[in-house]
Structure formats: structure tokens, C-alpha cells
Amino acid sequence: MADQSVEITEGCRLPVLRKNQENEDEWPLAEILSVKDISGKKLYYVHYIDFNKRLDEWVTPDRLDIKKLQFPKKEAKTPMKNGLPGSRPSSPERDVKKSLDLHVQSASATSRGKTLPTLKRKAESVSLATQVTAATPVSSLPGSVDASQASVYPAMRDSSFSIKSRDEHEPLTSLTSLTTNGTSSIQHHHIPPQPGRKRKSCGGTHEDSQDSSDGIPSAPRMTGSLVSDRSHDDIVTRMKNIDCIELGRHRLKPWYFSPYPQELTSLPILYLCEFCLKYLKSLKCLQRHLTKCNLRHPPGNEIYRKGTISFFEIDGRKNKAYSQNLCLLAKCFLDHKTLYYDTDPFLFYVMTEYDSKGFHIVGYFSKEKESTEDYNVACILTLPPYQRRGYGKLLIEFSYELSKVEGKTGTPEKPLSDLGLLSYRSYWSQTILEILMDLKSENGERPQITINEISEITSVKKEDVISTLQYLNLINYYKGQYILTLSEDIVEGHERAMQKRHLRIDPKCLHFTPKDWSKRGKW
Ligand code: ACO
Ligand code: ZN
């Protein structure tokens, strides 16, 4: 319980009561990020140290353990975890640098007279290793794999692997001892019609800008990482600013700050048109908008449909208003990405679920038209009401299907979030195990495969293949060569997981012709 005689200010740390996943009380250490007074009642915005920022919240004084109050230390530095900054929000000092870098972006964007945000990686990563188990080191290989950065062990590049199969009769002493958990190694080893006209129905003056009717500014404010008054804004941007978003039949609780216009942040609910993603300040405004908005699906081309699932490809240059609004919505759930006010270099792949009312957005990923770093995904998001139902892996699978058509390997842009890493790890593991388990032995020999072959078949970048094999602890050194050993646990675990993985991409339903953006001059 907070003692009114002690002033609890920003930067103070103390245990704060919260419920854990089992709905039990716990008192993790938290930092006060902001204090507000509503009709004489104090509220404290807290960040739980070593927890993801999405759990930050406003709490009442009775949840603070004032007896253990620590006052802010001067020059306190963010704790480092595994060489990465911890989950603590950025210190002002570091933010100054970040904002300076990004201000350059903002200036160039405004000079073009448009404010078109896209999400791009931050200059610095926020904790991602904190909640993720790091890869298990393989006993015969040095070091462990950093969870975020797949390290390449030079000797393994292009190595050929043979897969031990169950019925081989070689002595397995060395192998068995290397197998995980000491188990005996088993082994194997229509395209919907486009709204064809320029829509001005929402009162806006330009198709590509957020409507300025309803008293809402035509563009999001240039705050966040793009602010010039940095000291103030860093405090602002590290707190979630929108309480609730109504999107179709869903109410979403944002996890992080998103630079929607300031006057909208005091609203109890921000209303979004679920088809064009335009934001409106009231239900009445939304209803009026819906009488004029003709969209029942994202703009762009429908390039995939199977059952009720569709994917639309949206060009960030051609559909700026939509892309901008998508980025604003996505930023509510993406912390480690910075809004850049230029969507031109990106394509957006929006996944929808169809019913009689239309094509409802489930999630999306963005992709640079040209990536020098082999990125095939910039940002990826499943909207919270759809999370943990396999849609994230479906989006990832789709991104690799596009890479296959392009004849390239790809990798997601770094840093990955904690949930992003979990999803990619899971996708890579299942994809690689699917291939290994399908390998047939020829002439009684162990099946053989190279890292390059796995990478070519899956379009998963080589580094990610290697990090996954290491993470799964499959690689062993045996009789002068690297072999992959699939333990019974791995095989059974994989089979169980695949039985549950119902949502899959059917490549036959993909109608996609990659464009050579380098030949197009400007996108
Ligand atoms: N806790 C534990 N595991 C989780 C959680 C969670 N909250 N969420 C997903 N997972 C695991 C799942 O268990 C699953 O693994 P499994 O099948 O082996 O059990 C795997 O991650 C994928 O689950 P899906 O249901 O397919 O993924 P989902 O639809 O939930 O989407 C995503 C995953 C896109 C990362 C989602 O959590 C999200 O949008 N998060 C917010 C935005 C974000 O962090 N995006 C990634 C940033 S990195 C980048 O943009 C390149
Ligand atoms: Zn609309």
C-alpha cells in the first residue's frame, strides 16, 4: 500500500502486485514510468523489470509495496542480458541517439509533404532473449547460438549430413551418448472487384490520406521516434497511448505506443473501419463512414485464396492511406519497430478470413520490394484475437512460398520480437524436420542431405537452417563427419505437432508473379 507521505516519482523502483499466468499474486520489481492524478487519486504507470513491455500498465497505489521503494539512481544503465539490452525501456540517453537518427527520416518524409509511416526495425533491439530459451549448444560444437542471430559455424557450411536410421547396426556408443536426454537414438533418422474510382467519400481531399472530417487531423502526428522534443516524447512513446480499438467485431487492447493523433488518445475507444482501416473518434462517425466506404476487402490484388483464407498484395506506393493506417494499427502490437513515414519501398501482404460480410483482416506481413539483406519479411503480425491459432505460422509459410516463387532464400528482418522468434523457431523446426523425415535411404546407406539443399528446398536462409539444427540439438560429429541424429522424442514431438497444424498454405492456390523492382527505376 502506498504511503501518501512518500513521493513516488518517475524512475522509482518497487515491487508491484500483479497476477501471473496462473492467476496467482506475484510482486515483481517494477519501475514507475509515469504518475497521474485523476480527481485526487493517483495512478502509476509501471514497467515490470525483465517482463515484456506489453505488460506495462496503470496501477492504483494499493498495488505498490512502498516498504521496498528504491529511488532512481543517477546514470542508471539498462541491464544487459546476453549482450542485448534488458527489457527495461530505453534510457533517455540512448533515446536521444535513436531519435536523432530517425529524425533524418522524418525530415525527408515531411519534405515530400506526406506522412506515410511504415514499420522498420529500430536502431537498437529491445529485449528479445529475455523470455526465450537460448539454443542448446551441441556438445561437439563450440558455443551456443544466440537466439536472435543465427551464427554460422564455419566448418559446417555446406556440410553434407547423413541421417542415422533406426535399423542400422553400427555401434552407437558415441552417438547414443550424444543424443538428447540420453534416449537411445532412434534414428532416421476470384479476384474481388476493385473499387475502381478514387474515393473521396470520407470527406478527405485525397484518396491517399486519412480523412480529415470528424475533426481528426489528416495525418498522424510526427511523434514517437520521429519527434524533435525528445526528452518529453520518449516518456510519451514508451507508454501505450490507446486504450482500446474497435475493429469490426473485435475489441483490441493495444500493447505499445502508436502515433495516432494525440486528441484520439484520450478516447475510451478508437474506432477503425475494418476494411480500409481508417480511424474514427466515435461510433457515430464510424457508422457514417461505413455508409460511404465501399471496401469489403483490403485494397490491392487477391493473390491467394483457399477456403475462407485469402491474401491481398498491397503496394505501399499505390495504396498509401491503407498502408499508413495498417502501420499505425500494427505499431500497437510491435515494439521493436520504428515508424518510418514512407511506405513506398514496401509491399504488404494482408491475410483475411471471408464471411458473408466481407474479407476480415487477420494479420499481415510487410516486405521490402528490394532487400540487399535477403529479408523476405520486415514486420509480421497476427491481430491479438486470432493469435495462438496457427495464423502466425501460416503467414510465415506464405512468406517462404513467395520466396520459393522468386527462387530466393529469405530471412525475417532483425531484431525479432520474443513472440516472433518463438514462431519462426517453430516454423523452421517443423519445416526442416518434415524434410529430414521424408528422406529415404538408398542402397542401405544413410540418407544424405546438405545444408544448401535444405535451404534450397525450403527457401529458409542457410544461417537459419543451421541455427535451427543446432537449436534442436540434432548435429553430432561421428566417425569424421557430421551426422544428424533424430531422437525418439524429437520424432514423436514433431509428429504430434504436425497433427495439430491444420492451417497450411496450398502453393497451387497462389497466383503470384514477382516483379523485378530493380528494373523499375523508382518503385
Ligand atoms: N506464448 C508462447 N508461445 C507462443 C505465444 C505466446 N504468447 N504466441 C505464439 N507462440 C508460439 C506458439 O506456441 C507456436 O508454436 P508451436 O506451434 O510450436 O506451439 C508459434 O509460436 C506460432 O504460433 P501461431 O499461433 O502460429 O502464431 P500467432 O498467430 O500467435 O502469431 C506472432 C505469432 C505473429 C509473432 C504474434 O505473436 C504477433 O503478432 N505478435 C506481435 C507482433 C510481433 O511480435 N511480431 C513479430 C515481430 S518480428 C518481425 O516482425 C520480423
Ligand atoms: Zn472504410
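Could you please state how large a percent of the accessible area of segment 248-364 is carbon and sulfur, counting protein chains only and using a 1.4 Å probe? Please list the in-between numbers first.
Working: 1960 of 3890 Å².
Result for segment 248-364: 51 percent of the exposed heavy-atom area is carbon or sulfur.
What GluC sites (Glu not before Pro) in segment 24-78 are in a loop by DSSP, with at most 15 other Cβ atoms within 10 Å of the Cβ?
GLU24, GLU75
Which percent of the accessible heavy-atom area of segment 383-470 goes to carbon and sulfur, probe 1.4 angstrom?
Carbon and sulfur together cover 46 percent of it.
Can you tell me how segment 379-455 classifies by the Cα gyration tensor, rounded, prolate or oblate, using a/c under 1.5 as the rounded cut?
prolate
For segment 258-270, take each phi angle, set θ = phi - 60°, evaluate the Karplus expression 6.51 cos²θ - 1.76 cosθ + 1.60, and give the result in whole Hz per residue in order, putting x for glycine and proline.
9, x, 5, x, 3, 5, 8, 6, 8, 6, x, 9, 9
Going down the table (LYS36/LYS73; LYS461/LYS515; LYS19/LYS500; LYS36/LYS278; LYS369/LYS393; LYS320/LYS357), which pairs top 26 Å between alpha carbons?
With Cα atoms farther than 26 Å apart: LYS19/LYS500; LYS36/LYS278.
Sort 376-389, 60-73 for me by packing, meaning the mean count of neighbouring Cβ atoms within 10 Å per residue, highest on top.
Highest mean packing first, the order is 376-389, 60-73.
At 1.4 Å probe size, with every protein chain present, just tell me what the per residue accessible area of segment 237-386 comes to in Å². Please report the intermediate quantities before stating the final value.
On the way: 4900 Å² over 150 residues.
Here the residues of segment 237-386 average 33 Å² of exposed surface.
Taking the Cα centre of each part, how many Å lie between segment 1-71 and segment 389-423?
For segment 1-71 versus segment 389-423, the Cα centre distance is 37 Å.
The values are calculated or read from the model by the stated rules, or taken from the named source; none is laboratory data. All values reported here derive from a predicted model rather than from experimental measurement. Counting neighbours? That spans all protein chains shown, and the Cβs are built from the backbone with ideal geometry, glycine included. Keep in mind that these areas ignore ligands, DNA and RNA; they rest on the heavy atoms of the full protein, side chains included. Shrake-Rupley method; radii C 1.70, N 1.55, O 1.52, S 1.80 Å.
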